[in-house]
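For reference, the structure discussed in these notes is given below.
The values are calculated or read from the model by the stated rules, or taken from the named source; none is laboratory data. In this text, all values refer to a predicted model and were calculated from it rather than measured experimentally. All Cβ positions, even for glycine, are placed from backbone atoms using ideal geometry, and neighbour counts span all protein chains on display. The protein model used for the area step is the full one, side chains on, heavy atoms only, and it has no ligands, DNA or RNA in it. Shrake-Rupley method; radii C 1.70, N 1.55, O 1.52, S 1.80 Å.
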Amino acid sequence: MSLSRRGFISSALAASVSPKFCHLEIDQAFAAEEKGHSPTPAKTPIVISAGNGYNYLDEAYELLRAGGDTLDSVLKVVTGPENDPNDQSVGLGGRPNEEGVVELDACCMHGPTRSAGAVGGVRNIKNVSLLANVVRQHTGHVMLVGEGAERFAVAEGFRRENLLTEAGRKEWLLWKETHSDWWGPGLSSPSWRSRLGARRQSEDWSERLRRIEEAAVNLGISPELRSSAIRSVIFPPTGTIHCSALNTNGELSGCTTTSGLAWKIPGRVGDSPLIGAGCYTDQDIGSAGATGSGEENIKVSGAHTIIENLRHGLSPLEAAMDALKRIVRNYSADRDRLKYVDMVYYVLRKDGAYAGVSLWEGYGSAREKPHQIAVHDGRKRLEKTVSLFPGPSHDWPPIFSP
Ligand code: GLY
């Protein structure tokens, strides 16, 4: 068995109960912004993205250097993970909804023409970032959703394809079998005992984890994928990429694309395709985008809030910190709940100054993975985000008993 049950539980639980967060004073946490970010002088052209865009920045930067359009550059970055079947955050291979269907969301804004396009809840079309751009270019609308968006995509020459990879299908079945009363072994199956206690909240976590592992083995999930599959079944992740770019003419664009939240209710749409929440670009000011908890970001219109803050003279870091503080305010600064919120903002100002800012330093129990912003301004690099609170966010839902 490749997964260490003890290690998995202890890392997950450590993130759930770490006392470090329970005693943090809010003013101390806000003092994090004093640390500053990206002190190097602003340079153009520049392209910034969520960390998962790192591998695709070279081509995007070269396009900017050659005088290319900023949205074309941005789309070069975000279509990378969309086309990668092994990237489970977006596009092909994205994690499906509770019915096993991948539903994708995206939006984009083109600064020079001050135009926008968006699509939500799209099935069977992997490059929803490109589709959002076609909505922008070839319709009088800004946003298309669901079946209408899919039919529009086909009319515009996009190919329908099954976005659920074999790995994604097995992961979804693992979630289904361990969270449903009717999927998985029935009473007549030799494995019927694995269903005992399946729905009891009080069930011992070691026993529950043992059953999930057994189900993973029975589904043929390979040992190297088993640990991450089990983690995503217990703690449904979101996965998203945002990218913004600025060329030497001072032109800006931005795009955000996602498969949303794993095992979501069909039709659930997060912040990513919402202009002003998942992405906002104002040619006069800057471009901003978000990854993380869509529900929280929608409530503060994160990307638009950041751009308005820049307009009023805040730095990229201050502008994004203010958006995070609005999320904090929505929970009356109650860290018992905020610890389950994961939020990252990416900000690019019109002069090339930028910031990557997060509520927490990293994701849930994946302590070894800090939030990062990928930057290319002639030198490609990953930088840790500046976080409002120290330490990682906690995985949702909480684990009640070890
Ligand atoms: N931020 C991605 C989502 O919540 O759908």
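Against the criterion of solvent-accessible heavy-atom surface with a 1.4 angstrom probe, E207, E82 sort, most first, into E207, E82. When +1 charges are put on Lys and Arg Cβ atoms and -1 charges on Asp and Glu Cβ atoms, the dipole computed for the chain relative to its Cα centre reaches about 760 debye. The residues of the chain have, on average, 41 Å² of accessible surface per residue, using a 1.4 Å probe with all protein chains present. Across the options P397, I298, T79, the greatest Cα extent toward the positive end of the charge dipole of the chain (unit charges at beta carbon of Lys, Arg, Asp, Glu) belongs to P397. For the chain, the longest principal axis of the alpha carbon atoms and the long axis of helix 146-155 meet at an angle near 60°. Rolling a 1.4 Å probe over the protein chains gives M109 an accessible area of about 20 Å². Summarising the amide proton neighbourhood of T165: residues at separation of 5 or more, or on other chains, whose placed amide H is nearer than 5 Å comprise G93. Counting only protein heavy atoms and using a 1.4 Å probe, the accessible area of I275 comes to about 60 Å². A dipole drawn for the stretch 175-281 from +1 and -1 charges on Cβ atoms has a positive end, and of W182, T238, G254 the residue lying farthest that way is W182. If you look at the Cα atoms of the stretch 138-238, you get an Rg and a Dmax of 18.8, 59 Å.
Note: relative contact order over the stretch 230-368, using C-alpha pairs below 8 Å and six or more positions apart, is 21 percent.
Across the chain, C-alpha contacts under 8 Å between residues 6 or more apart give a mean separation that, scaled by the residue count, equals a relative contact order of 23 percent.
Can you tell me the 0 to 90 degree angle between the C-alpha axis of helix 70-83 and the longest principal axis of the chain, rounded to 10? That works out to roughly 10 degrees. The local environment of T305, defined by Cβ-Cβ distances under 14 Å, has a net charge of -1 under the rule Lys, Arg +1 and Asp, Glu -1. With the alpha-carbon atoms of the chain aligned to their principal axes, the span from lowest to highest coordinate is 68, 55, 34 Å, starting with the largest. Among the protein heavy atoms of the chain, carbon and sulfur supply 51% of the accessible surface, probe 1.4 Å, non-protein parts ignored.
For the residue pairs K126/K176; K176/K325; K264/K369; K43/K76, the alpha carbons lie more than 31 Å apart in K176/K325.
For the stretch 32-168, the relative contact order works out to 18 percent when only alpha carbon pairs closer than 8 Å and six or more residues apart are counted. What is the distance in Å between the Cα centres of the stretch 317-334 and the stretch 109-147? Result: 29 Å between the Cα centres.
The angle separating the long axis of helix 166-179 from the principal Cα axis of greatest extent in the chain is about 50 degrees. Over the chain, DSSP H runs of length four or greater, each weighted -39,500 (n - 2.57), average out per residue to a 222 nm ellipticity of -10500 deg cm²/dmol.
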